[in-house]
1. To check my understanding: the extent here is largest minus smallest coordinate of the Cα atoms along each principal axis. What are those three numbers for segment 1-48, in Å, largest first?
2. Of 36, 227, 260, which is the most mobile in a GNM of the chain whose springs link Cα atoms less than 10 angstrom apart?
3. Relative to the compact-globule scaling 2.2 N^0.38 Å, provide the ratio for the alpha-carbon radius of gyration of segment 252-346.
4. List the extent of the Cα atoms of segment 105-148 along each of their three principal axes, largest first, rounded to whole Å.
5. Treat each spin label as a single point 7 Å out from the Cα along the C-beta direction, and report the residue 118 to residue 203 distance in nm.
6. Mind listing P(r) for segment 159-262? All alpha-carbon pairs, 5 Å bins, whole percents.
7. Quick one: what Rg and Dmax do you get for segment 44-113 from the alpha carbons, in Å?
8. Using a Förster distance of 45 Å, how high is the FRET efficiency between residue 190 and residue 142, based on the Cβ-Cβ distance and rounded to 0.05?
Ligand code: SF4
C-alpha cells in the first residue's frame, strides 16, 4: 500500500483537535514513553506542551547527541535553472512571474560546484525548477555526473519523475532526493498550485517511494510552513516519515523545517508558526524520530539558527544563493524572461548588471566559514561532507 492510501485514512485534523485539547497530564504521559505514537507526537505539539519546552529541549538535545554525536553537517544548494512550468503561488520561480531566468550550461554548473568546493563543501543539493524543455532528464544526468566528480555527495531537488527516469540519475552519482509536499492539506494544495503538473497532489506524495525504488538512499521530505495549519502539516510529515522508515528501510530519512520567505510574486503566508513553536516542533520530531536527520536552511535568521542548532539539528545549509549562477556570476550574459515557454530578450542590455532572480530571500547571509566557526563555538564539529558516503 502506498503512502497515499495510508494518508487518505489518516485524518490529521483529528490529531490536531486532540493536540489542541491536550492537558499537562497528557504531555507528561507522552514524555514518559521511550517510543512515541503519532498521538504522542501530536500531544508534544500542543499548546500545553509549550509549557514544557525546557524539558523537551533537554531531552531532544541529549537524544541527538547520543544518536549523531556533536556534529552538524553542512551542505549548499546549487541552483542550475529557475525555469518552471508550474504556478505555485508561494514561489518566485512560478511561470507567470516576469523574473530574470537562466539555465546554466553543464560547464557553468561545474564552475559553481568548484566555487563551493573551494569554500569547503562536499555535500551539494542540486536544485532546479520543473521545465522539461530547459531542464531535461538528460541535462540533469549530465549535471549530476559532472558534480559527482567535484562532490562525493549529490542530492537532487527537482521536478518529480517516474522511477525509470530516476535510475540514470542514481547511476550518474546522485544518492539523495528531496521533495517537499509543500502542504499536506488537499484544499490548500489545490488553491496554491494553480497551473502545471504539480497540481497532482498524489503523484507528488508518492515521489519518495518512486525515488527509493530507483535506488536513492537518502530521502528528504517536508511541508512548507506558512500554507496550512502547522500542526496539521507536522502530523502529516510525521506520518509520512513513519511510512518511509517502515517501507524504505534502506534509506536515511530527513525532515526539513522550511518557513515561507519573501519572494517574487509577493505571496503572503496564509498561516503562522512562531519561533518558539518551531523550536517545539524540532524537539517533537527528534523525540518521535531519534535517528532522522533534521535540516535547517538559511531561510531562518542567524540568531535563530544559532539557538536552534543544539535542539536537534543535524544538517544545515550555509552561504546559500537561491539564484542560478549565484556563487560565480555564471550565466549572467544569458539572462532572459520566458513567455509561454519561449525565451524573450536574452542578454538585453538593461539586464547587464543584473543576476537571475532567486527563489526566495535568504535570511542568514553569513559565509560558510562564519557558520562553521559558530558551530565550533557551540561545541559541535562542522562536517562538510556526508559521512555515510565517506564511510562507504
Ligand atoms: S515551487 Fe518548484 S514547481 Fe513550484 S514554481 Fe517554484 S520551482 Fe516551480
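Readers should treat all values here as calculations from the given coordinates under stated rules, not as data from a laboratory. Because the structure is a prediction, the values reported are computed rather than measured. Positions of Cβ are generated from backbone atoms using ideal geometry, with glycine treated the same way; all protein chains shown enter the neighbour counts.
1. Largest first, segment 1-48 extends 35, 23, 10 Å along its Cα principal axes.
2. 36
3. On the way: Rg = 17.6 Å, N = 95, 2.2 N^0.38 = 12.4 Å.
So the Cα radius of gyration is 1.42 times the expected 2.2 N^0.38 Å.
4. Per principal axis, max minus min of the Cα coordinates gives 32, 16, 14 Å.
5. For residue 118 paired with residue 203, the spin-label model returns 4.1 nm.
6. Whole-percent P(r) values from 0 Å outward: 2, 13, 23, 23, 19, 13, 6, 1.
7. Cα radius of gyration and Dmax of segment 44-113 are 20.9, 54 Å respectively.
8. Values: r = 35 Å, r/R0 = 0.78.
It comes out at approximately 0.80.
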